[in-house]
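S.K.: The structure follows.
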Amino acid sequence: MIFGRVALDQARGGILAHNTKTANRVLRKGALLDDAAIALLRQAGVAEVTVARLEPGDVPEGEAASHLSDLLLGPFLRRSADVHGRVNLIATTSGLLRLDVEALHEFNRIDESVTLATLPDRAVVAPGDLVATLKIIPFAVTAATIAAAKDVIAHGALSIAPFRPLHMGLVLTTLPQLKEAALTQTIEATSTRITARGGFLLPPRQTPHEPAPLTEAITALLAADAELILISGASAVTDRQDIAPAAIVAAGGQITHFGMPVDPGNLICFGRIGDRPVIILPGCARSPALNGIDWVLDRIFAGEILGPREIASMGVGGLLKEIESRPDPRAAKNGASVAALVLAAGRSTRMGHNKLLTRLRDGRTMIEHTVDHVLAAAARPVLVVTGHDGAAIRAALAGKPVRFVAAPDYALGLASSLHAGIAALPPESGAALICLGDMPLVEPGVLNQLVAAFAPQEGREIVLPSVNGQRGNPVLWGRRFFDELLALTGDAGARQILHRHMEFVAEVPVQSDTVLRDFDTPEDLKKGYFL
């Protein structure tokens, strides 16, 4: 192709390179300069124009774009008409866009004149969705470039795997502390996911969180011709031999994979009974927000097999929530910050002296150790509630970036310290991480895990650590529970509030038992790292 500026008398038959205004209208880029166009330009006083002229072997942009887009069309795709060397590829059904990624990379490397932009591989599409755009950059490309591109995409590089109208079964297990609202929320979220992919949800079944009744419910759904069975457990799966996996095996199935490198959604368990998949849902599946179960359902509805290799390959791109570098928490996008309360007002009656002022082997006091760990975590601001020996506690923490809050009624019990701390939180605090002053062994990384798990938009508004199923401290409380915390009296802890709102509880499994260890007696200190 020849490109350059020429006198108007020499421009006839050329392709106009730029929009050019005449007396009556604008001649658009790409217009063929015939006698009428030349006359308009001459009347406008134009003496020179920039044009492109095709040489032997050149293929015009529109012809090239149409030819290559026809080659790219895979199942369930259509194309638009060419406009200035651009053709769009459009979905004709709901499903997963499948790409031969390496072939498309090679296609875009052939020559700078030919470009193809697509949605990501396995993007969910609906009829009418734009999935790719082919653009020829110059006004023409060589026939050799077209031939090379044709060789790369000869075997089909784009297609849509349509969603199948699967019949799905759902079993929800129950425990006494699990509220009906949590079950309703899970059914609604699951139903929405299934219908959005063109599936049908069979009547959900509820059963106690025990192997025998769960096995019976699974068997009943198999008899009802469920093509996929989902299990929402009242308690998260922690092992392949846990209650829900054991029920799958008892129903004649096997566990094929436990865990998935997609977050949220790590604690998912895959099983199979014959040719029918059975999936134990992660806790985040109760929420309609995007999480790992969405990726899993996309692939199953599109007819893909999910074996260990396929599951492992989901890790790249599998971080579905923006995070800062580990061990810092996922960055909260709910607009609310998490504050920390350190309760340091108690009288230590069983210890015989103020245990918070006991010195560790490194010379720091217990309360210093606790507060230093909290300050090394992400929660801000850090408020320290004082009462008994308040002046000594403040002296021990002198110079640290904390705010002191006095609990004048500390002698009435733990609730008084909670009242003082909660009431002093700034209005922008969306949650409070309530730390006990006598738990100095809890590391900043554990505290950050709790902050990271707080996600009001996903229903995770009470967050606590657990070790082998045993719940520990500290506990993070969302703002919606502050009024109930303020209503506590005496030495009553907040566990009663937790039990009333199990649908909002998120347990964070941790390896260390430090979240279970406080120090109330001299013997406790000797068993720790203090004396």
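S.K.: Sequence-distant or interchain residues sharing an amide H contact under 5 Å with residue 365, placed H: which?
M.R.: Long-range HN contacts for residue 365: 360.
S.K.: Over all Cα pairs of the range 9-111, how is the pair count split among 5 Å bins, expressed in % and running from 0 up to the last occupied bin?
M.R.: In whole percents, the pair-distance histogram is 2, 10, 16, 17, 13, 11, 9, 8, 7, 4, 2, 0.
S.K.: Right, something else. Expected output is a single nm value to one decimal: the length gained when fully extending between residue 412 and residue 130, i.e. 0.36 nm times separation in residues minus the C-alpha distance. What is it?
M.R.: Gain on extension, residue 412 to residue 130, equals 94.9 nm.
S.K.: Going 7 Å from the Cα of residue 240 in the Cα-to-Cβ direction, what parts of the range 288-322 have a backbone nitrogen less than 16 Å from that spot?
M.R.: Taking a point 7 Å out along Cα→Cβ of residue 240, the residues of the range 288-322 whose backbone N falls under 16 Å are 307-309, 311-312.
S.K.: When the expected Rg is taken as 2.2 N^0.38 Å, what fraction or multiple of it is the alpha-carbon Rg of the range 196-274?
M.R.: 1.09
S.K.: Where a ≥ b ≥ c are the square roots of the eigenvalues of the C-alpha gyration tensor, would you call the range 163-218 rounded, which needs a/c under 1.5, or, failing that, prolate if a/b is larger than b/c, or oblate?
M.R.: Verdict is oblate for the range 163-218.
S.K.: As I understand it, the value is the acute angle between the Cα axis of helix 211-223 and the longest principal axis of the Cα atoms of the chain; what does it come to in degrees, rounded to 10?
M.R.: Computed tilt is about 20 degrees.
S.K.: A further question follows. Using the Kirkwood formula on the Cα atoms of the range 463-516, what hydrodynamic radius do you get, in angstrom to one decimal?
M.R.: Its Kirkwood hydrodynamic radius stands at 12.0 Å.
S.K.: Still on this structure, please answer the following. To test your reading of the geometry: what angle, between 0 and 90 degrees and rounded to tens, separates the Cα axis of helix 366-375 from the longest principal axis of the chain?
M.R.: Its long axis makes an angle of about 10 degrees.
S.K.: Can you pull out the GluC sites (Glu not before Pro) in the range 64-146 that DSSP calls coil and that have at most 14 other Cβ atoms within 10 Å?
M.R.: Counting only loop positions with at most 14 other Cβ atoms within 10 Å, the GluC sites (Glu not before Pro) in the range 64-146 are 112.
S.K.: Still on this model: Take the Cα radius of gyration of the range 22-179 and divide it by 2.2 N^0.38 Å, with N its residue count; two decimals is plenty.
M.R.: 1.53
S.K.: Could you order 361, 53 so the one with the most accessible surface comes first? Probe is 1.4 Å.
M.R.: Correct descending sequence by accessible area is 361, 53.
S.K.: For the Cα atoms of the chain, what angle does the longest principal axis make with the long axis of helix 414-423, in degrees from 0 to 90, nearest 10?
M.R.: With both axes taken from Cα atoms, the answer is about 40 degrees.
S.K.: Can you give me the solvent accessible area of residue 284 with a 1.4 Å probe, rounded to the nearest 10 Å²?
M.R.: Residue 284 has an accessible surface of roughly 20 Å² with all protein chains in place.
S.K.: Also, I was wondering about something else. In whole Å, what are the Cα extents of the chain along the three principal axes, biggest one first?
M.R.: On the principal axes, the chain reaches 106, 63, 39 Å in Cα extent.
S.K.: In the chain, if the dipole is taken from +1 on Lys/Arg beta carbons and -1 on Asp/Glu beta carbons about the Cα centre, which of 234, 425, 466 is farthest to the positive end?
M.R.: So the residue we want is 425.
The values are calculated or read from the model by the stated rules, or taken from the named source; none is laboratory data. This structure is a prediction, so every number in the text was calculated from the model and none was measured. Because the Cβ atoms are built from the backbone with ideal geometry, glycine has one as well, and the counts that use them run over all protein chains shown. Just the protein is used for accessible areas: all its heavy atoms, side chains included, with ligands, DNA and RNA removed. Shrake-Rupley method; radii C 1.70, N 1.55, O 1.52, S 1.80 Å.
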